[in-house]
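The values are calculated or read from the model by the stated rules, or taken from the named source; none is laboratory data. Remember, it's a predicted structure, so these values are computed and weren't measured experimentally. All Cβ positions, even for glycine, are placed from backbone atoms using ideal geometry, and neighbour counts span all protein chains on display.
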Amino acid sequence: MTEATISKGTDWGYAPAPESTDHIRLKERYGLFIGGKFVPPISGKYFKTINPANEKALAEVADAGEKDIDRAVQAARQAYEKVWRRMSGRERGKYVYRIARLIQERARELAVVESMDGGKPIRESRDVDIPLSAAHFFYHAGWADKLPYAFPAKKVSPIGVAGQIIPWNFPLLMVAWKVAPALACGNTVVLKPAETTPLTALLFAEICQEAGLPDGVFNLVTGAGPTGAALVNHPDLDKVAFTGSTEVGKAIQKALASRGTKLTLELGGKAAHIIFEDATIDQAVEGIINGIYFNQGHVCCAGSRLFVQESVEEEVVAKLKSRMETLIVGDPLDKNTDIGAINSRAQCDRIREYLKVGVEEGAELFQTSCAVPNRGYWVRPSFFTKVAQSHRIVQEEIFGPVLAIQTFRTLSEVLEKANNTPYGLSGGVWTDKGAKIFKVTRGIKAGVIWANTFNKFDPASPFGGYKESGYGREGGRHGLRAYVELS
Ligand code: NDP
């Protein structure tokens with residue numbers, strides 16, 4: 001056979017491979033989860049949660065007001081005083097293990113619902129969000145009866161009732177990051193998920209019921225920003241844990257300034273991702289893709305500021321462009337999809353605004369040529385070159401699939417540029433030289449720095465920031481500290 005006869009052309013594509021939704025049984029309407037039961041909100045108000053990939057409503061969700069928050073905090077207080085703080089760590093651990101196993105049992109359902117409600121590709125919800133959520137519960141279940149070993153020579157006690165507020169980018173995983181350490185350490189919880197992604201938190205409430213968790217140990221109040229503010233302002237909380245924007249984090253810190261309530265904040269980021277000329281460039285390009293386009297760039301630790309050593313800039317940019325052209329943007333439930341839908345119309349508008357700002361500031365925009373669906377919220381993978389340190393697209397968190405690329409010549413120059421940010425959450429470095437890795441990891445003021453990889457998470461590894469990225473750690477032994485009193 002000649003070469004000509006076996007030519008199949010260049011237009012290679014994948015046939016659609018959609019994950020089935022037949023097994024999903026969402027209720028038409030969800031109440032609040034208070035004292036172990038689903039109850040209607042006192043106001044009788046509900047809002048719709050929609051699928052950002054097709055703008056169709058998935059379910060109605062209760063809008064909790066101040067009185068609902070009060071009921072939830074009272075339920076958590078009662079459960080704390082009468083049951084949970086008195087239970088041995090060993091018994092508590094059994095419940096936390098049970099929750100972990102139930103997440104595994106319902107993993108497929110949770111992954112599909114996560115992708116429908118939030119827009120992330122099923123490959124990510126199936127392979128990252130849900131397994132990591134279970135892993136957080138397994139990990140913390142193990143600590144429940146070993147807390148004295150985590151803090152030797154100290155008497156370890158729980159703090160009390162925790163109010164927890166989480167964002168929309170990793171809905172169930174953020175539930176796990178917040179709830180697992182709180183319960184393992186003997187605290188009870190009132191949690192508020194984001195307005196746009198409440199569904200997996202509601203399924204998690206069902207899981208708590210299935211696990212037989214004592215009533216009131218976990219409570220869920222759905223709603224928008226005012227619901228979060230009402231929770232923060234409730235006088236009977238002992239602890240507030242917040243993940244979200246720096247702006248709201250600052251408002252919460254102010255609101256708690258005159259109270260004894262403990263606070264941890266996991267806020268925004270603008271990570272420096274550094275590629276030295278001696279790095280394995282093909283691997284580094286994969287790292288860049290994973291660093292900024294994972295979860296549509298809705299990642300607080302995303303590698304959104306890329307620094308490439310001048311001598312390899314052309315090569316890196318060329319390889320990045322050609323790799324980006326292979327990214328498949330579209331239906332989050334298709335197993336081939338790399339980039340799903342932007343989480344909400346508001347976030348999509350915000351990202352588009354930044355794309356305009358970048359061009360107006362004089363930077364050069366590259367976007368992939370892929371087609372995007374007509375309905376829903378989409379942004380093509382994008383990057384800017386010819387950017388300056390002062391540009392807004394370099395200084396501000398965009399929270400979308402948009403990368404700003406700069407160059408550098410020397411190590412000291414790149415460290416200076418990398419630290420020129422109000423944030424300090426994460427960073428990354430690609431080099432063949434171990435000494436350079438150590439110099440960069442010591443030189444950058446950030447909570448997490450990856451070397452020759454990016455966006456790797458493990459429940460045993462503490463995560464958190466410096467500067468305007470917040471304070472307190474989540475995960476690992478350090479993460480337990482936020483949920484215990486030591487004496
Ligand atoms: P927010 O900080 O507004 O939201 C985070 C959580 O806080 C949500 O549950 C939100 O509720 C709630 N909330 C909103 N206002 C208040 C308030 N006054 N008091 C208490 N809780 C409140 O982030 P956004 O969703 O608006 O996203 C905006 C930007 O924040 C993003 O573009 C991104 O830059 C950054 N961000 C950073 C995250 C991170 O992981 N570090 C995560 C998410 C966002 P609701 O969603 O219902 O309004």
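Per-structure values
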| quantity | calculated |
| --- | --- |
| Residue that is within 16 Å of the ligand (Cβ to nearest atom), surrounded by fewer than 21 Cβ atoms within 10 Å (Cβ to Cβ) and at pLDDT 95 or above, where the choices are ARG305, ARG352 | ARG352 |
| Members of region 242-284 found to be within 13 Å of CYS300 (Cβ to Cβ) and either of a type in the set (Ser, Thr, Tyr) or more than 10 Å from the ligand (Cβ to nearest atom) (or both), listed by number | THR243, SER245, THR246, ALA271 |
| Wholly enclosed strands (runs of 3 or more DSSP E) of region 9-82 bearing at least 3 residues touching a helix residue (DSSP H, G or I) at 6+ places or on another chain (Cβ under 9 Å), modelled with pLDDT of 95 or more and not small (Gly, Ala, Ser) | 32-34, 37-39, 46-51 |
| Residue in region 353-361 that is free of Cβ contacts under 8 Å to residues at least 24 places away in the same chain and among the hydroxyl-bearing types (Ser, Thr, Tyr) present | no |
| Residues located in region 412-456, provided they are over 19 Å from THR280 (Cβ atoms), touching a helix residue (DSSP H, G or I) at 6+ places or on another chain (Cβ under 6 Å) and in contact (Cβ under 8 Å) with a residue 60 or more places away in the chain | ILE444 |
| Only one of GLY186, GLY225, GLY216 that is near the ligand (Cβ under 10 Å from one of its atoms) and in the same structural domain as LEU132 (by TED's automatic domain parsing) | GLY225 |
| Count of residues meeting criterion [within 24 Å of ALA346 (Cβ to Cβ), surrounded by 17 or more Cβ atoms within 10 Å (Cβ to Cβ) and touching a strand residue (DSSP E or B) at 6+ places or on another chain (Cβ under 7 Å)] in region 48-68 | 9 |
| So THR453, is it surrounded by fewer than 24 Cβ atoms within 10 Å (Cβ to Cβ) and closer than 27 Å to ARG380 by Cα | yes |
| Residues (free of Cβ contacts under 8 Å to residues at least 60 places away in the same chain and of a type in the set (A, V, I, L, M)) located in region 129-175 | ILE130, ALA134, ALA141, ALA144, ALA153, LEU173, VAL175 |
| Residue that is out of contact with any His (no Cβ under 9 Å at 6 or more places or on another chain) and surrounded by 21 or more Cβ atoms within 10 Å (Cβ to Cβ), where the choices are ILE42, ILE34 | ILE34 |
| Strands (runs of 3 or more DSSP E) wholly inside region 291-401 that include at least 2 residues being out of contact with any helix residue (DSSP H, G or I) (no Cβ under 7 Å at 6 or more places or on another chain) | 364-367 |
| Which listed residue is touching a strand residue (DSSP E or B) at 6+ places or on another chain (Cβ under 6 Å) and either closer than 22 Å to TYR483 by Cβ or surrounded by 20 or more Cβ atoms within 10 Å (Cβ to Cβ) (or both), from ALA111, ALA134, ALA162 | ALA162 |
| Conditions (1) touching a residue at least 24 places away in the same chain (Cβ under 8 Å); (2) touching a strand residue (DSSP E or B) at 6+ places or on another chain (Cβ under 7 Å): number failed by GLN253 | (1) |
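To keep it simple, each residue is scored yes or no on (1) surrounded by fewer than 16 Cβ atoms within 10 Å (Cβ to Cβ); (2) more than 16 Å from the ligand (Cβ to nearest atom); (3) under 27 Å from ASN187 (Cβ atoms).
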{"residue": "THR410", "(1), (2), (3)": "yes, yes, no"}
{"residue": "LYS433", "(1), (2), (3)": "yes, yes, no"}
{"residue": "GLY443", "(1), (2), (3)": "no, yes, no"}
{"residue": "PHE457", "(1), (2), (3)": "no, no, yes"}
{"residue": "GLY472", "(1), (2), (3)": "no, no, yes"}
{"residue": "ARG481", "(1), (2), (3)": "no, yes, yes"}
